[in-house]
Amino acid sequence: MATDQPNAPRPVPPAVPPPGVIPPPPGHFPHYNGPVPPPGYPPPRQKGKGCLYAVIGTVATLFLMGACGVIVGATADSPSATPTTSHTPSAPKASSPRSMPSRTAKATTSKTAVVNGIGREYRDGKFAFTVTKVKKGVKRVGDEYFGSTAQGQYVLISVTVENIGDKARTFTAGNQTLYDTKGRKFDTDGGATVMMGDESKSFLEQINPGNSVDGILIFDVPRGIRLKALDLHDSVFSGGVTVPLGNR
């Protein structure tokens with residue numbers, strides 16, 4: 001009969017797996033993740049990864065859809081998407097020769113309107129002048145005893161002189177000048193003016209404010225002359241005013 005040793009270790013009985021758990025094969029110790037399903041059933045799915053994949057797929061789909069929308073919108077808004085038609089300016093129409101004389105006609109009309117100043121009032125200083133008549137071809141002025149004979153011909157210009165100032169002023173024929181179409185200048189004939197006496201009323205004639213006189217300016221000029229203008233002055237120091245005579 002064997003004697004029991006009090007300090008000898010007792011053998012450990014083998015571990016028995018709980019019900020429903022298949023023991024691993026000998027020598028293999030896998031990581032234990034829970035109970036093993038009975039035969040004939042698929043293993044349980046691990047939670048979390050499926051939802052993550054679904055979220056990632058949804059986000060990627062939305063991103064792709066947004067990118068496509070941006071590209072389509074940019075293409076629609078691009079100026080190149082709308083065809084433009086270039087506009088080539090048409091060549092200006094050639095003006096008809098008939099439209100040109102209008103400006104020339106206006107210029108001619110304006111010149112004609114100012115060529116003859118007879119009957120119009122012109123002012124210089126404190127005098128207002130109006131030429132009323134021009135007479136050419138006069139050979140002699142005065143009477144048979146006291147008169148003057150022209151070297152060429154006398155031109156008698158009748159003019160009304162009005163004092164528009166507030167003081168008495170003296171009008172004299174010596175301040176007035178005649179021009180012909182050749183640009184020649186003629187002074188009044190003082191001797192013939194004196195011979196005409198009171199009829200001329202242009203030799204140192206004093207005119208009070210508001211009054212007017214009808215005088216005659218006498219010029220000794222060559223025959224065949226054409227008269228262009230008459231320069232009238234308030235005094236020898238005034239600027240003067242030009243009265244066109246219509247090239248008569």
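The values are calculated or read from the model by the stated rules, or taken from the named source; none is laboratory data. All figures in this text were calculated on a predicted structure; none of them were measured in a lab. Here the Cβ is made from the backbone with ideal geometry for all residues, glycine too, and neighbour counts use every protein chain on show.
At a glance:
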quantity	calculated
Count of residues meeting criterion [polar (S, T, N, Q) and at positive phi] in the range 200-248	1
Segments classed as strands (runs of 3 or more DSSP E), wholly inside the range 116-186, with at least 3 members that are more than 15 Å from V213 (Cβ to Cβ) and modelled with pLDDT of 95 or more	121-124, 127-142, 147-163, 177-180
Hits in the range 202-246 - residues which are farther than 20 Å from V115 by Cβ, in contact with a Leu (Cβ under 7 Å, 6 or more places away or on another chain) and not polar (S, T, N, Q)	I216, I218
Residue in the range 211-228 that is in contact with a Gly (Cβ under 9 Å, 6 or more places away or on another chain), in a strand (DSSP E or B), free of Cβ contacts under 8 Å to residues at least 60 places away in the same chain and closer than 19 Å to Y122 by Cα present	yes
Residue list for the range 179-234, restricted to those being closer than 30 Å to Y145 by Cβ, surrounded by fewer than 16 Cβ atoms within 10 Å (Cβ to Cβ) and among the basic types (K, R)	R223
Any hit, the range 194-205, residues being under 21 Å from A128 (Cα atoms) and either in a strand (DSSP E or B) or at pLDDT 95 or above (or both)	yes
